[in-house]
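The values are calculated or read from the model by the stated rules, or taken from the named source; none is laboratory data. This one's a predicted model, so the numbers in the text were calculated from it and none came from an experiment. Note: ideal-geometry Cβ built from the backbone for every residue, glycine included; neighbour counts use all protein chains shown.
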Amino acid sequence: MHYFIYADADATLYEGSATQSRNTGLDEILEVRKDMNDNASVINVSRALIKFDLTEISNFISDGLIPSNNKPEPSASYFLNLYDAGSTGLTSTSQLLYAHIVSQSWTAGEGTFHDDPETTEGVSWRYRVGQNDATQWISGSNNTGGTWYSGSAGRLRFASQSFDYGSTDMRMNVTEPISILLASSSAYSNEGFIIKRSGSVGNDDSNCPEGDSSEYGQFKFFSRDTNTIYQPKLEIVWKDFSYNVGSLNTLSGSQLDDIVFYMKGMRDSYKENSKIKFKLVGRQRYPAKTYETTPRALQVNAFPSGTLFYSVKDALTEETVIPFDQYSAVSCDSSGHYFNLWLNGLQAERYYKLLYKFVSGSGTANEINDIHDNDFTFKVEK
């Protein structure tokens, strides 16, 4: 299962002397950057704040809809998804970005970088709430740019991702810090993440990427206020596969060589944020002629366990929303194959299509991945 929630608040904090009080809570872009002068000295650093409301997730865990991670081995994984918005000047060598749990509250604000006059109410490099409130991240210090937790408290309080040149979409595994925030006994309030390079220019840390004399380029990601489909998302994944075919006939051998799929009871549209049970029927394209009361073409068959997977794509852009993976396995019960899909990660008034993959010989040298795109399209409505 893949479940998504969108960001509740975000902003970029700019360190430069002219921007320390500037709020960017409504900017369409989040930036993690470092600007240098001709003397190879750092003149500006930026960090990004992003926050997700975890109340719904916490309630789902309490209701048993999402597995709890209060176990030695987490049963659900969490990924922070940010989408590249035209990053520039990135080096050819890989580099790391970090997401730390923010240690103090902040107010997103309603400013943008190019406001004239500038907006100073809302979070900035210097202030947590705004210039009028005058609550600094660290009292008496102008050069702070947020406060955050490092290290661990049973689980890591931060996460990281390595970026290679030309691959700048973020899908950072934040399972450890999110599990800390969701724990019923957590001493940490949910103030989101601060995304930054390692080190701290504010502490004159010249041995780490944020404060050293090297240039690394500027990361740019779409924010929650983007007018595109690339809003930041927190993705939760867990295995919900079930297989109990009852008396269904299970296809095998040559019966699997040429197969077709069709949807049972699929509608043209569904309401946003709903949970839909999609039913899938597969059969041989040309079943052998037999003398039976029920035509072979109408019989419901079962495929071998763990061989069917689904994927969801944006019908217009062909962007993959849900990939073929271990969390998108198609289940089966005595009435046929099915899978449950939460539509909360799909944007309203857009069209999406379902694709299917049949895997034979999994894990062997003869593995075959047979992908079916039969234009099974539906619209998500408001």
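Go through the residues of the range 87-94 one by one and say whether even a single one is more than 20 Å from the chain's Cα centre (by Cα), at positive phi and small (Gly, Ala, Ser). Please lay out each step first, then the result.
So the first thing to find is which residues in the range 87-94 are more than 20 Å from the chain's Cα centre (by Cα), and the list is 88-94.
Going one step further and asking which of them are at positive phi, we end up with 89.
Still in the list and also small (Gly, Ala, Ser): 89.
Scanning the range 87-94, I find at least one residue that is more than 20 Å from the chain's Cα centre (by Cα), at positive phi and small (Gly, Ala, Ser), so the answer is yes.
Just the residues that are within 18 Å of the chain's Cα centre (by Cα) and modelled with pLDDT of 95 or more, please, taken from the range 327-345. It would help to see each step written out before you state the result.
Residues of the range 327-345 within 18 Å of the chain's Cα centre (by Cα): 327-328, 341-345.
Listed by number, the residues that qualify are Tyr327, Ser328, Leu341, Trp342, Leu343.
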query = under 15 Å from Phe52 (Cβ atoms) and either among the hydroxyl-bearing types (Ser, Thr, Tyr) or buried (at least 19 other Cβ atoms within 10 Å of the Cβ) (or both), is that true of Arg197?
reply = no
remark   = Of the residues in the range 133-165, those that are in contact (Cβ under 8 Å) with a residue 40 or more places away in the chain and not hydroxyl-bearing (Ser, Thr, Tyr) come to Asn142, Asn143, Gly145, Gly146, Trp148, Arg157, Phe158, Ala159, Gln161, Phe163, Asp164
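If I filter the range 5-19 down to residues being part of a loop (DSSP other than H, G, I, E, B) and of a type outside the set (Gly, Ala, Ser), which single residue comes out as modelled with the highest pLDDT?
Per the stated criteria, the residue is Asp8.
Kindly evaluate Ala108 against the criterion of being under 25 Å from the mean Cα position of the chain (by Cα) and closer than 21 Å to Ser77 by Cα. Give the derivation first.
Working: under 25 Å from the mean Cα position of the chain (by Cα): yes; closer than 21 Å to Ser77 by Cα: no.
So Ala108 fails the test.
Could you check, for the range 293-305, whether at least one of its residues is surrounded by 17 or more Cβ atoms within 10 Å (Cβ to Cβ), among the aliphatic types (A, V, I, L, M), in the same structural domain as Arg350 (by TED's automatic domain parsing) and modelled with pLDDT of 95 or more? Break it down into steps so the answer makes sense when it comes.
Filtering the range 293-305 for residues surrounded by 17 or more Cβ atoms within 10 Å (Cβ to Cβ) gives 300-304.
Remaining after also requiring among the aliphatic types (A, V, I, L, M): 300, 302.
Next, only the ones that are in the same structural domain as Arg350 (by TED's automatic domain parsing) stay: 300, 302.
With modelled with pLDDT of 95 or more added as a condition, the list becomes none.
Scanning the range 293-305, I find no residue that is surrounded by 17 or more Cβ atoms within 10 Å (Cβ to Cβ), among the aliphatic types (A, V, I, L, M), in the same structural domain as Arg350 (by TED's automatic domain parsing) and modelled with pLDDT of 95 or more, so the answer is no.
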ask   = Which is at pLDDT 95 or above and surrounded by 12 or more Cβ atoms within 10 Å (Cβ to Cβ), of Lys271, Lys279?
value = Lys279
